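Scroll down for the structure; my scribbles are underneath it.
Since every read-out is calculated from the coordinates, none of them should be taken as a lab result. Computed from a prediction, not measured in an experiment: that's the story for all the values here. Positions of Cβ are generated from backbone atoms using ideal geometry, with glycine treated the same way; all protein chains shown enter the neighbour counts.
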Amino acid sequence: MKSKLIYTLVAVMLLGACSEDILDVKNENSYDGNTFFTNATTATEASTAMYSPLLFQGMFEREFYFIFDLLGYDAFKNFPLQGSLLEIAAYTHNPNTGEMNYFFNSCYKMIFRTNFVINMCENWQTTNDADAALKTRIEGEAKFLKSLGYFWLVTCFGDVPLRKTLEDHYVLQMERTPKAEIWADIEANLSDAITKLPLAQDYSASDYGRATRGAAVALLGKAYLYQGKYAEAITELSKLTSAPYDYDLAGSLDDIFIHDQKTKETIFAVMHGEWQGWGVGNAYGMFGGQESWGNKMTHTGRAMEYGFNDWWNVLLSPTLVDAFTYQNESGTPYTDPRAKFTFYDNLGTKGGDTQYCDECPGGIESYAAAVGTAGPIFSWRKYELYELRHNYGQPDSYINSQVIRFADVLLMLAESYIETNQVSSALPLINRVRRRSGAFEYTSLGSQDNARTILRRERRLELAGEQARFFDLVRWGVLVQTINAEKQIVETTQPVKDYHVLLPIPQSERDANPLLNAQVKNNWN
């Protein structure tokens, strides 16, 4: 009975993929238990299907960036923002908030697919060296993606059910697993993935976007950092700064976040492709199209949602804008040049870009004229295409969503050095990131406390709008006081409570799993 159930689930898995380059999936109706996962073609298709939940609801086509940019106060609600996104912006979200329910469920959908593929790999009897190598690689990809799903779950929800094998998915009611066990499982799976995955440079161009050995090393180092295992984090993250890894910073932030070049800075990203027209897929597939419409388009709605000439649902939070101005080593006010790569600035007083359409056929345009307001207003430039086009008209951004990039690795490594009081080792890493954008280089980071302050500001500026800050503030133990202080300045509210360091367990999960529901405290987590 279970084997029949497994093969009926094949069709559900093969609905799409994360990369426009690896999207060619066979008609799922032609598969059965005798033909599926018996050769390189079907095995590759199954591995591709593991990535598609990264485009499901709650993920990178739409909800993921709203949830964590709003909670981290990188993004600030603009007047078009509506529905439950306003709850997230106001920290009044609850167990029925749809975006967080989608996120929770999509993590588990990805985990299910990885467990399915791991199970099929174990039963695949390969007959040649090429297939054996492919099988090994696919197992590595599955263990990386499984670890990524559990990384998000354990950091956002704490104790959650740990489904290690395909058989575990038949157990519909399951108690929560302690965080320590989940972290141990993440570490074990990533350690194994590292032995199985190729280097980025060893993949073919058509496989760009798949998990690599470097991605597994980076996520393992990040997992150690989040647990406060700084020595272990240094061991892993430092590997990525030398051979055989060839990661490097892109020449400009625009190379990553506007021109979407395939630079050596990307370690793992969610692949997006430009909308190809109604004959191929729905431009609005981000509203559940991957799951319910059979939509195979891979574009993201972020540019449309955030863009000032389109839906304009959010702005930059004023406190993020202000963070780009700080004192240099001489105590003089200094505006960080990364401001110009991050936001548009209608008054030109905060260092942001004052014009757009630098590369549009019609020529350069004034941002101030576009927004038409006398007061200061700061709109997102990062992850936007307004240097290339006047507006979008419909969601079709192809800019890949960065999950881990090399600048993040350098800053995580610097943080690990600082937390082990090796401050001098952090200095060149921080300066390397600053140098790329033309920021002044520090001659010293000073004391451990001062170095920590500098490092945390670096992460906010370099990773603005990349859904990093909420996670950072939570793991540093400063979410409540930091966001409340900032919201008090801007909105005269202090809405963040101690329980907000975790997201609420979705009501739908609680209803379906009484064992878990019995462990939920205070109707929250």
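Structure above, values below:
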quantity	calculated
Label assignment, log10 I(q)/I(0) by the Debye sum over Cα atoms at q = 0.05, 0.09, 0.11 Å⁻¹ derived from the structure, set (i) -0.19, -0.64, -0.98; (ii) -0.26, -0.74, -1.01; (iii) -0.28, -0.88, -1.19	(i)
Calculated FRET efficiency for the pair SER508/SER330, C-beta based, R₀ 60 Å, to 0.05	0.60
Separation of alpha-carbon centers, segment 181-238 and segment 350-413, rounded to whole Å	31 Å
In degrees, nearest ten, helix 213-226 long axis to first principal axis of the chain (Cα)	60 degrees
Förster radius 30 Å - calculated FRET efficiency between ASN391 and GLN519 (Cβ-Cβ, nearest 0.05)	0.05
Packing-based exposure ordering (other Cβ within 10 Å, fewest first) of ARG456, ARG210, ARG405, ARG475	ARG475, ARG456, ARG405, ARG210
Extension gain from GLN448 to PHE287, taking 0.36 nm per residue of separation minus the Cα-Cα distance	53.4 nm
Exposure proxy ranking, count of Cβ atoms within 10 Å, fewest first, for GLU167, GLU63, GLU509, GLU365	GLU167, GLU365, GLU509, GLU63
Per-residue Cβ neighbour rank within 10 angstrom, fewest leading, LYS262, LYS143, LYS350	LYS262, LYS350, LYS143
Using alpha-carbon coordinates, inclination of helix 40-49 to the longest axis of the chain, degrees	40 degrees
Helix 179-196 vs. the chain, principal-axis angle (Cα, 0 to 90°, nearest 10)	80 degrees
Helix-only [θ]222 nm of the chain, DSSP H runs n ≥ 4, -39500 (n - 2.57) each, per residue, nearest 500	-13500 deg cm²/dmol
J(HN,Hα) series, segment 84-92, from Karplus relation 6.51 cos²θ - 1.76 cosθ + 1.60, nearest Hz, glycine and proline x	6, 5, 5, 4, 5, 4, 9, 6, 10
Calculated from backbone phi, Karplus (6.51, -1.76, 1.60) coupling profile of segment 444-457 in Hz, x at Gly/Pro	7, 9, x, 6, 4, 5, 5, 4, 4, 4, 5, 4, 5, 5
Nearest-0.05 FRET efficiency for ASN94 and ASP246, computed from C-beta distance (R0 51 Å)	0.65
